Amino acid sequence: MTEDIKILDKIEVDLVLSVGYSCRTAYRMKEFNLRQESSPLDWMISYSLDDVYNLMINDFKTFFLKYENQGIHEGGALQVVDRTTGMISIHHFMPHEDLETQILNYRNLSMQRWTKIKTKIATAKRIAFIYSGTFDMDCFERFLSKFSSHFGEKKIIYFINVDDDRNKKFNELKITQYELNSHIKIIHYLGNDYPILNEDIWVGNSFLWNEAMKNIKLVQKYSPNALEKVKEHLAYKLGEALMINYRSFFGLMFLPFIFYGIYKRHIFLKSKKLLILRLDENEKYYEEALKLKNGLYYKIGL
């Protein structure tokens, strides 16, 4: 069944996982406190869902077993390709350290992380996958059918696809829901995923991602530390946006829209009781949080 929808019901899940195919997905999950566990896939780019499934069922044992060093990426780390999948790392491996040792350590860490995630998959009744890429029903259906068959056919699965159409306005959105069966749904968000904020292109359009993420409710939500709480304070968010954008003509031009988007997101999260803002002096990073609260971003945003 296919259905075009304007208002989507709240999706309640036990686990949210990024299946790529770039850093953007994990970044947005973290922003909305949906990233419970670190996944080996979180900061990788350029791979297929078939590769994701194959890595899952072999417990990531072939992950970067064969690799190619393509030199230093513009971000400063090495660009290393997993020759089995074509998956690219541009964050994990440093140029002035022994690459073979780094690869071995990262492979072990990735398998440990997957073991934790697999344990959560086993106990989860409802799972959401977040995917940033072109809509491909055959590819999605193949991945979801195989995953369901291997990890549990009675699990409720939501596949959230955030898809880019540069012909759309920055706040124009089409949502389509596909029901593969009584247990599996694909929700397709089609919009312009080019950032309107004066920030890195890889983070995408905040409006589009806000619409895709706001309906997902993690039943056992990750509890943020003191530093993360301050970064969610409205004053900090507004000050940060101003400092990022004030030097650019286009940044200044879009500031009213940026402020409105930040305010709208804050009010929505607060109304749904998804923001935990009060600091406790006994919690982790409390002293660092106080320094941030007394810093420039926060004071400018007040």
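The values are calculated or read from the model by the stated rules, or taken from the named source; none is laboratory data. Bear in mind that the values here come from a model prediction, so they are computed numbers and not experimental data. Please note: Cβ atoms are built from the backbone with ideal geometry, for glycine as well, and neighbour counts cover all protein chains shown.
Going through (1) without any contact (Cβ under 8 Å) to a residue 12 or more places away in the chain; (2) farther than 20 Å from Tyr106 by Cα one by one, Asp4 falls short only on (1).
A quick yes/no check of all residues on (1) outside the structural domain of Ala241 (by TED's automatic domain parsing); (2) in contact with a Cys (Cβ under 6 Å, 6 or more places away or on another chain); (3) assigned to a strand (DSSP E or B); (4) modelled with pLDDT of 95 or more:
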site: Leu109; (1), (2), (3), (4): yes, no, no, no
site: Phe129; (1), (2), (3), (4): yes, no, yes, yes
site: Phe140; (1), (2), (3), (4): yes, no, no, yes
site: Asn210; (1), (2), (3), (4): yes, no, no, no
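Take Ala241 and tell me if it is surrounded by 18 or more Cβ atoms within 10 Å (Cβ to Cβ), touching a Phe, Trp or Tyr at 6+ places or on another chain (Cβ under 8 Å) and of a type outside the set (D, E, K, R). Considered against the rule, which asks whether it is surrounded by 18 or more Cβ atoms within 10 Å (Cβ to Cβ), touching a Phe, Trp or Tyr at 6+ places or on another chain (Cβ under 8 Å) and of a type outside the set (D, E, K, R), Ala241 comes out as yes.
The residues of segment 189-217 that are out of contact with any helix residue (DSSP H, G or I) (no Cβ under 8 Å at 6 or more places or on another chain), more than 20 Å from Arg247 (Cα to Cα) and surrounded by fewer than 21 Cβ atoms within 10 Å (Cβ to Cβ), listed by number, are Leu190, Glu211, Asn215, Ile216, Lys217. Taken over segment 19-55, residues that are in a helix (DSSP H, G or I), under 17 Å from the mean Cα position of the chain (by Cα) and in contact (Cβ under 8 Å) with a residue 40 or more places away in the chain amount to 9. Of everything in segment 56-114 that is touching a strand residue (DSSP E or B) at 6+ places or on another chain (Cβ under 7 Å), of a type in the set (S, T, N, Q) and in contact (Cβ under 8 Å) with a residue 24 or more places away in the chain, the residue that is surrounded by the fewest Cβ atoms within 10 Å (Cβ to Cβ) is Asn69. Note on segment 163-180: residues that are within 23 Å of Lys10 (Cβ to Cβ), without any contact (Cβ under 8 Å) to a residue 60 or more places away in the chain and part of a strand (DSSP E or B) total 2.
Looking across segment 172-188 at every residue that is surrounded by fewer than 18 Cβ atoms within 10 Å (Cβ to Cβ) and farther than 18 Å from Asp4 by Cβ, the one that is nearest to the chain's Cα centre (by Cα) is identified as His183.
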